[in-house]
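For reference, the structure is listed below as structure tokens.
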2 protein chains.
Amino acid sequence: MDRTEKTDEALLIDRSPLPEDLDERLRRQLTFVTEVDRLKTVLRASPLAAADRRENDAEHSWHLALMVSLLAEYAVEPIDVGHTVTLVVIHDLVEIHAGDSPVFDPAAVVGQQEREEAAADRLFALLPDDQARGLRALWDEFEAGATPEARFAKAMDRLQPLLLNWVGRGGTWGMPGATESAVRRREAGVVAGSTTLGDAAGRLVDEAVRRGWIRPDGPRD
Amino acid sequence: MDRTEKTDEALLIDRSPLPEDLDERLRRQLTFVTEVDRLKTVLRASPLAAADRRENDAEHSWHLALMVSLLAEYAVEPIDVGHTVTLVVIHDLVEIHAGDSPVFDPAAVVGQQEREEAAADRLFALLPDDQARGLRALWDEFEAGATPEARFAKAMDRLQPLLLNWVGRGGTWGMPGATESAVRRREAGVVAGSTTLGDAAGRLVDEAVRRGWIRPDGPRD
């Protein structure tokens, strides 16, 4: 995974600049819409269920959006479904520049917040100012997890890789840092958004530990 | 592209069945959520801007969702943004069984509607009945294009590959069926959802024709 700042890299739209007489606001929006194509190239640690390869951030974000619309009934507090879907659609955009930070890799999370803040400043600045501020506010809302919508969005973000690991009989649970206690800390993020889904996640983790797909904590964990 | 009906294929969740004491409604929902992982393996004809490979349906659906939230201001009629995002998130699900039907491939669209209807019946039946009906209603709404939300969703579905072709200096415009008139028929779908975005799409198509990225109609087109 490359986490270096590629500040000198051209924008994707520079390969084929938009007509010069296009309205400036629309030009900035279409520049951004093109640039975020890069999210499709940011690989996560999680394996797909449907193919023998790792998932990328765009696929992951789509999967969460669908899960929000199908599982919203289990939110612990009433949520605005459309707003929650928007949160998951944008929640990983900063990884275009900051890279994915696998949760079970202790080295990956060092400096993660600073990297992602810098990435947000850089990426969102492509948009018209009002939309840059709006997107930043949505991302901050997701990160803070202080609204019912953000908590449910985060719950989906925890539940989805857990399901992929379950179907894959291991997946990222095989990473060195994925001890039972580390997995249960992730599971707590599901509980915070949904008691029912948190209970189901707990059942899967219990069973995965029993089957040896998640290793127990050792004396040094 | 494989368009055969894989009716005898097991569900992804069968590789690792959910605990038997899980609530039946939730079990059906998680079975569906797992099964739709297959959308990440349905390849479209469109090339990515950010990598040298074709786009898949999950990535495409995510891209449209982001575009809806950023470009909604250009809808010809006021739209419910959250509802429109939901439409684009689910609009290609039937292609899990029916496959993608590239618009510039005349052979691909033969029998497309029947294939997709059968695919919807099969896929949505995994869900609890109320949600199967709800998803079918959303998909029908998108397909019919009779609401402002469906028209804007379709406009994004036409504009996004056009942008990818523009940045790729050709892309699917290089397919045999992609004459100027065929491309302009697709452009009409953008206009129906947004005059401003339709105008911009028209400018890009004009310029692409001028540069030779889209071939003029011949005597047999």
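The values are calculated or read from the model by the stated rules, or taken from the named source; none is laboratory data. Predicted, not measured: the structure shown is a model, and the values here were computed from it. Cβ atoms come from the backbone with ideal geometry, glycine included; neighbour counts cover every protein chain shown.
The table for this structure:
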quantity: Any hit, the range A:30-53, residues being within 27 Å of B:Leu127 (Cβ to Cβ), surrounded by fewer than 15 Cβ atoms within 10 Å (Cβ to Cβ) and hydrophobic (A, V, I, L, M, F, W, C); calculated: yes
quantity: Residue in the range A:165-210 that is farthest from the other protein chains (Cβ to nearest Cβ), counting only those that are free of Cβ contacts under 8 Å to residues at least 24 places away in the same chain and basic (Lys, Arg); calculated: A:Arg185
quantity: Flag for A:Pro106 being touching a helix residue (DSSP H, G or I) at 6+ places or on another chain (Cβ under 9 Å) and either of a type outside the set (D, E, K, R) or more than 7 Å from chain B (Cβ to nearest Cβ) (or both); calculated: no
quantity: Residue list for the range A:149-199, restricted to those being of a type in the set (Phe, Trp, Tyr) and either within 25 Å of B:Gly82 (Cβ to Cβ) or over 18 Å from the mean Cα position of the chain (by Cα) (or both); calculated: A:Phe152, A:Trp166
quantity: Test result for A:Gln131, among the polar types (S, T, N, Q) and free of Cβ contacts under 8 Å to residues at least 40 places away in the same chain; calculated: no
quantity: Scan of the range B:59-84 for residues that are within 14 Å of the chain's Cα centre (by Cα) and either more than 25 Å from B:Asp37 (Cα to Cα) or at pLDDT below 95 (or both), ordered by number; calculated: none
quantity: Enumeration of residues in the range A:3-29 that are more than 7 Å from chain B (Cβ to nearest Cβ) and modelled with pLDDT of 95 or more; calculated: A:Leu11, A:Asp14, A:Pro17, A:Leu18, A:Asp23, A:Glu24, A:Arg25, A:Arg27, A:Arg28
quantity: Flag if A:Leu87 is modelled with pLDDT of 95 or more and either surrounded by fewer than 22 Cβ atoms within 10 Å (Cβ to Cβ) or assigned to a helix (DSSP H, G or I) (or both); calculated: yes
quantity: Selection count, the range B:69-87, where residues are at the interface with another protein chain (Cβ under 9 Å from one of its Cβ atoms) and either closer than 28 Å to B:Glu180 by Cα or touching a Leu at 6+ places or on another chain (Cβ under 8 Å) (or both); calculated: 4
quantity: Filter result for A:Val81 (under 20 Å from A:Gly171 (Cβ atoms), of a type in the set (Val, Ile, Thr) and surrounded by fewer than 24 Cβ atoms within 10 Å (Cβ to Cβ)); calculated: no
quantity: Matching residues, the range B:166-213, being among the hydroxyl-bearing types (Ser, Thr, Tyr) and in contact with a helix residue (DSSP H, G or I) (Cβ under 7 Å, 6 or more places away or on another chain); calculated: B:Thr172, B:Ser194, B:Thr196
quantity: Matching residues, the range A:34-56, being at the interface with chain B (Cβ under 9 Å from one of its Cβ atoms) and outside any loop (DSSP other than H, G, I, E, B); calculated: A:Thr34, A:Glu35, A:Val36, A:Asp37, A:Arg38, A:Leu39, A:Lys40, A:Thr41, A:Glu55, A:Asn56
quantity: Verdict on B:His97 being assigned to a helix (DSSP H, G or I), closer than 30 Å to A:Ile96 by Cα and either in contact with a helix residue (DSSP H, G or I) (Cβ under 8 Å, 6 or more places away or on another chain) or within 10 Å of chain A (Cβ to nearest Cβ) (or both); calculated: no
